[in-house]
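Colleague: Structure in structure tokens, see below.
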Amino acid sequence: LDESGIARAAIESLAENFSDGVVSPVLWIGLTGLTGGAVYKAINTADSMIGHRSERYEDFGRAAAKLDDAVNLPGSRLSGVLLVCAAGLTGGASAPRASRTMCRDADKHASPNAGYPEAAMAGALGVALGGPRTYAGSQFVGTWLGDGRRDAAAKDIRAALRLYATADALLVAAVAIIAAITATM
């Protein structure tokens, strides 16, 4: 990848991992306790390890991938919403553009879940994510998410990290409010 491709890949990874690695585990722990959180992480890890297509693990990998898609569905949407809200609180980001881009482009992603946080991030930052790329010498035709600049740079990674930190703070605040409310019941 060139510099722009590396920057886009870093931002895409940050957005998707906000969903899979932060929001979804918090959501499942909140709904089902530590056991549910552990089950979620086992499913997510199985998808990471064997969910890709290979002859050896095709059937088992497909099951892991589909189960991971199902358990990440609520967290991915919540991640997108948190990023939209965070864009309203983060200098240089745009909440209206994040919302518009997420609603318009999330379903264009090959993953049923990754498109929500990635499209929200793209819109918030005014960059285009995804698009065509090369993996191991093979060309992959990806759809663009967002209609912003395609020439992402290191400054955009820093902006994405600021947006991520704000979205994390919103998630922590929401958990604290829910915990305080349930403690008084």
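The values are calculated or read from the model by the stated rules, or taken from the named source; none is laboratory data. Note that the structure is predicted; figures quoted are calculated from it, not measured. Cβ sites come from the backbone with ideal geometry, for glycine too, and all protein chains shown count toward neighbours. Note: accessible area is taken over every heavy atom of the protein model, side chains too, but ligands, DNA and RNA are not part of it. Shrake-Rupley method; radii C 1.70, N 1.55, O 1.52, S 1.80 Å.
Colleague: Hey, can you grab everything whose amide H is under 5 Å from the amide H of ARG149? Only 5+ residues off in sequence or another chain; H modelled, so Pro and N-termini drop out.
Modeller: Here VAL127, ALA128 satisfy the definition.
Colleague: Continuing with the same structure: Find, among the trypsin sites (Lys or Arg not before Pro) in region 49-119, those assigned to loop by DSSP (not H, G, I, E, B) with at most 13 other beta-carbon atoms within 10 angstrom.
Modeller: The qualifying sites are ARG53, ARG56.
Colleague: Which of PHE18, PHE140, PHE60 ends up with the largest GNM mean-square fluctuation for the chain, with Cα atoms connected below 10 Å?
Modeller: PHE140
Colleague: Run the dipole for the chain about the Cα centre, Lys and Arg Cβ at +1, Asp and Glu Cβ at -1, nothing else charged, and hand back the magnitude in debye, nearest 20.
Modeller: In debye, rounded to 20, the chain gives about 360.
Colleague: So, one more: Please name which of GLY37, ALA87, GLY51 has its Cα lying farthest along the dipole of region 1-106 towards the positive end, using unit charges on Cβ (Lys, Arg +1; Asp, Glu -1) and the Cα centre as origin.
Modeller: Highest projection toward the positive end goes to ALA87.
Colleague: Quick one: the Cα spread of region 54-156 along its three principal axes, in angstroms, biggest first?
Modeller: 48, 33, 22
Colleague: Under a GNM of the chain (C-alpha, springs under 10 Å), which listed residue has the highest mean-square fluctuation: ALA152, ALA65, ALA86?
Modeller: ALA65
Colleague: May I ask you to compute the full-extension gain from ASP107 to ALA180, defined as 0.36 nm times their residue separation minus their alpha-carbon distance, rounded to one decimal in nm? Walk me through the numbers before you get to the answer.
Modeller: Numbers: separation 73, 0.36 × 73 = 26.28 nm, distance 3.54 nm.
Extra length from ASP107 to ALA180 when fully extended: 22.7 nm.
Colleague: About the Cα centre of region 63-150, how large is the charge dipole given +1 on each Lys and Arg Cβ and -1 on each Asp and Glu Cβ? Please answer in debye to the nearest 20. Could the numbers behind the result be given before it?
Modeller: On the way: 9 positive and 6 negative charges, 47 e Å.
Roughly 220 debye, rounded to the nearest 20.
Colleague: Say each of ALA169 and ALA10 gets a label point 7 Å from the Cα, pointing the same way as Cα to Cβ; how far apart are those two points in nm?
Modeller: 2.2 nm
Colleague: Given H placed 1.01 Å from N in the peptide plane, which residues other than close sequence neighbours of TRP144 have an amide H under 5 Å from its amide H?
Modeller: GLY131
Colleague: While we're here: Positive end of the charge dipole of the chain (Lys, Arg +1 and Asp, Glu -1 on Cβ, about the Cα centre): tell me which of ASN17, GLY131, ALA119 has its Cα farthest that way.
Modeller: Projecting each Cα onto the dipole axis, the largest value belongs to ALA119.
Colleague: Quick one: accessible area per residue over the chain, 1.4 Å probe, rounded to a whole number of Å²?
Modeller: Spelled out: the 1.4 Å probe surface of the chain, per residue, equals 53 Å².
Colleague: List the GluC sites (Glu not before Pro) within region 15-58 that DSSP assigns to loop and that have no more than 10 neighbouring Cβ atoms inside 10 Å.
Modeller: Filter output for region 15-58: GLU55.
Colleague: Run the reach check for LYS66 against lysines, Cα to Cα strictly under 29 Å, same-chain hits fewer than 8 apart removed. What comes back?
Modeller: LYS66 reaches LYS41, LYS108.
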